[in-house]
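What follows is one structure encoded as structure tokens, with my remarks underneath.
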Amino acid sequence: MVGILVKLKNITPDTLVSEKKVKKNINEPNKEAKLVALQSIGYPFLCNLVENPKIEIFDKELFELYAQEQWEGCIVDEGSFLFDQKLLPDYAFKIVKAHPDNSKITDNTSILLIEVQESLEIKHINTNIQMEDIIGQERAKTKCKIIMKYLKEPDKFKEWAPRNVLFYGTPGTGKTMLAKSLSNELKVPLFLVKATSLIGEHVGDGARQIHELFEMASASAPSVIFIDEMDAIGLDRKYQSLRGDVSEVVNALLTEMDGIDHHKGVVTIGATNNPHLLDFAIRSRFEEEIKFTLPDIKERLKILELYTETMPIKADINLDKLVKCTKGMSGRDLKERILKVALHKAIYEDKDSVTWEHMKYALKQHKTKQNEPKNMFA
Ligand SMILES: Nc1ncnc2c1ncn2[C@@H]1O[C@H](COP(=O)(O)OP(=O)(O)O)[C@@H](O)[C@H]1O
Ligand SMILES: [Mg+2]
């Protein structure tokens, strides 16, 4: 790193460009890149002599060879750029996905050019959530562990491989949290997308984004696709008149789920709060549905213990008593509606601990909120 900084200070323009173009690294990682997904960006600047050409690939294998040859040895980091050095010198490609991140292109690397829209967010999540931090939901955690075993040793499962699973249940019970913990624990690429980000602005965008998502996952198999808030794209046909593009997206999803080569080891996980809104054909594609339930009394206690520990001021409260007053609340309710409200109240009052008075205040607020008439779409 220091080396680069020094170099930047006494650069001649040429060294800067070549340094950036072929980033043969200082702390060179030895990892081989399995997959690199690129998005075409264009020239670093425009002048009226050149225009940004529109790039279209007509032969994927040919493009891969072309790309491997010129970028072999380059280090790929998600979010950074590669510059073309052949046909369109200095034309930039953004690295949308690299697996593993910070690895080196070889002649074995799959290189894809995709047409991602701004809206396709394949999240690179930085989190330290572990699966064990999720209290309860044992069936879902067990399923994830089975999937992890499968991805490690696909051959062991023969035709009995886990393929896809649907997590469903009350909001705030840990579905998204589980997805995040997977990004920490999986040793294979995870494509974590929010279903809403798969719907583009124009007709055809959604179908294309879904296709690209599955294409990337196959190219880097074994891998996992986690589609959160699934009902946004898998909407039942009877609601589809509300949104014209939905049936196109539903069909694309069905095509991809059916077409995926499972021998390669791609597992799809969907999550939704409203499984009954899902299109029946999509719902039936999942081999297993796992319900996320509200925490029981023991689990509520564990959740309260987990989060009171991380409070910035100490919590001077009887958790056993609090547990009894929080029946029917989700993990999110406990954390955001009770503990957080009580903590904020204590901080507001300049107290150095959170007391039962603060909890009483939070419980009362929550109750009032619950009694408000429900929004019909909530
Ligand atoms: N089972 C649980 N264990 C620990 N924390 C939980 C649990 N369920 C929910 N939470 C807390 O509530 C937050 C919101 O949960 P989330 O995973 O987004 O719910 P969902 O996706 O099921 O609607 C989590 O980030 C976490 O802080
Ligand atoms: Mg969620």
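The values are calculated or read from the model by the stated rules, or taken from the named source; none is laboratory data. Keep in mind the model is a prediction, meaning the values are calculated, not measured. Note that we place each Cβ from the backbone using ideal geometry, even for glycine, and neighbour counts take in every protein chain shown.
Pairing residues of the stretch 94-106 that are without any contact (Cβ under 8 Å) to a residue 40 or more places away in the chain with residues that are buried (at least 16 other Cβ atoms within 10 Å of the Cβ), at Cβ distances under 7 Å and at least 6 apart in sequence or on separate chains, gives Asp101/Glu78.
Within the stretch 183-234, the set of residues being within 15 Å of ligand 1 (Cβ to nearest atom), more than 11 Å from the chain's Cα centre (by Cα) and either assigned to a strand (DSSP E or B) or of a type in the set (Val, Ile, Thr) (or both) comprises just one member, Thr196.
So that you can scan it fast, the table gives a plain yes or no per residue for (1) in contact with a helix residue (DSSP H, G or I) (Cβ under 8 Å, 6 or more places away or on another chain); (2) of a type in the set (D, E, K, R); (3) over 28 Å from Lys141 (Cβ atoms); (4) part of a helix (DSSP H, G or I):
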site: Arg300; (1), (2), (3), (4): yes, yes, no, yes
site: Glu305; (1), (2), (3), (4): yes, yes, no, yes
site: Ile317; (1), (2), (3), (4): yes, no, yes, no
site: Thr326; (1), (2), (3), (4): yes, no, no, no
site: Met329; (1), (2), (3), (4): yes, no, no, no
site: Arg332; (1), (2), (3), (4): no, yes, no, yes
site: Gln365; (1), (2), (3), (4): yes, no, yes, yes
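Every condition in (1) outside the structural domain of Lys54 (by TED's automatic domain parsing); (2) surrounded by fewer than 16 Cβ atoms within 10 Å (Cβ to Cβ) holds for Gln137 except the one numbered (2). Here Asn126 clears all of (1) at pLDDT below 85; (2) in the same structural domain as Glu229 (by TED's automatic domain parsing) except the condition numbered (2). Is it fair to say Leu82 is at pLDDT 85 or above, farther than 25 Å from Lys264 by Cα and part of a strand (DSSP E or B)? Yes: the conditions hold for Leu82.
Answer yes or no as to whether Met359 is in a loop (DSSP other than H, G, I, E, B), surrounded by 14 or more Cβ atoms within 10 Å (Cβ to Cβ) and aliphatic (A, V, I, L, M).
no
In the stretch 153-173 there is at least one residue that is within 12 Å of ligand 1 (Cβ to nearest atom) and surrounded by fewer than 20 Cβ atoms within 10 Å (Cβ to Cβ).
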